[in-house]
Every structure is written in C-alpha cells, then in structure tokens.
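One structure below.
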Amino acid sequence: MDNWDVSLESPVREGSDEEQKNFLPMVGPTVEERVAEKEVQEWMGTVLDTLRETLNDKEKAILADRLLSDEPLTLQDIADRFDISRERVRQIEANLLKKMREYFEKEVPDIKDFLAEFLNPWR
C-alpha cells in the first residue's frame, strides 16, 4: 500500500521500448495447449466420422442429437421421431456407447491412457 501506482503502459525502465504489461504472466492455456487441443478435436472428428459410417439411422440420430449435442434431445423426442419407445431408445443408446468404446479401444489402443491424461492433466 505504500508503493506508488505504475501504469501497465509505462516502460520497464527509462529508455526502454518494453512495457510493464509484456511481463505479466499469461492466464489461460498456452499456444501449445491450444494447438494440441485443436489437433485432438480434429482427430476425434475424423475418428467419429469413420465410426458414423458403421451406424444405422437411429444410432446416428442418437449420436448427433443426444450424445454430441450442446442441447441434447430427450429420449422421448428421439422415440417420437422413430415411432419407438423411450426404453428402446435407451437400449440403442447403451449399445451405441458400448460400440463406441470398443471402436475407440480398437482404433486407439492407448485411448484409456490418453483420456486419463486428457481428463486429469494435473495428476
């Protein structure tokens, strides 16, 4: 409290072109982390596109409109679309999740290690 205020726009020292704000620590992900995240997203998109080719229409709808959606549809919404019961949609969804897990484990044998690191990078 006894120190004077310093503008972030002020030079680090007299005659310097460097400003105080250039030495503040960056908050948020680093450039490398953002690039890595983008690469993972693109890779996952490619793997999901390949998986989609093996799915039937109901599985594709559940994947797109329920599992990967920012605003997922309810079981009833999907059931109404295909004229089936909510329970049948739930069964298809459970089978789809199992199929996805098996597919990812086959295509990416170290997926468990990757996901463990991705979901908990500070362990």
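What single numbered condition from (1) basic (Lys, Arg); (2) assigned to a loop (DSSP other than H, G, I, E, B); (3) surrounded by 10 or more Cβ atoms within 10 Å (Cβ to Cβ) fails to hold for Arg13?
(3)
With the requirement that a residue be over 21 Å from the mean Cα position of the chain (by Cα) and not hydrophobic (A, V, I, L, M, F, W, C), what does the stretch 51-80 give you?
Scanning the stretch 51-80 gives Glu53, Thr54, Asn56, Asp57, Lys58, Thr74, Gln76, Asp77, Asp80.
Each row is one residue, and each column tells you yes or no for (1) in contact with a helix residue (DSSP H, G or I) (Cβ under 8 Å, 6 or more places away or on another chain); (2) surrounded by fewer than 10 Cβ atoms within 10 Å (Cβ to Cβ).
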| position | (1), (2) |
| --- | --- |
| Thr30 | no, yes |
| Glu33 | no, no |
| Glu71 | no, yes |
| Leu75 | yes, no |
| Asp80 | no, no |
| Glu93 | yes, no |
| Val108 | yes, no |
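Go through Lys58, Lys21 for me and flag whichever is in contact with a helix residue (DSSP H, G or I) (Cβ under 7 Å, 6 or more places away or on another chain) and charged (D, E, K, R).
One residue alone meets the criteria, Lys58.
Residues being assigned to a loop (DSSP other than H, G, I, E, B), within 25 Å of Arg90 (Cβ to Cβ) and free of Cβ contacts under 8 Å to residues at least 24 places away in the same chain: count how many of those fall in the stretch 19-70.
5
Here, each number is a calculation from the coordinates, and none is a lab measurement. Please read all numbers here as calculations on a predicted model, not as lab measurements. Virtual Cβ from ideal backbone geometry, glycine too; neighbours counted across all protein chains shown.
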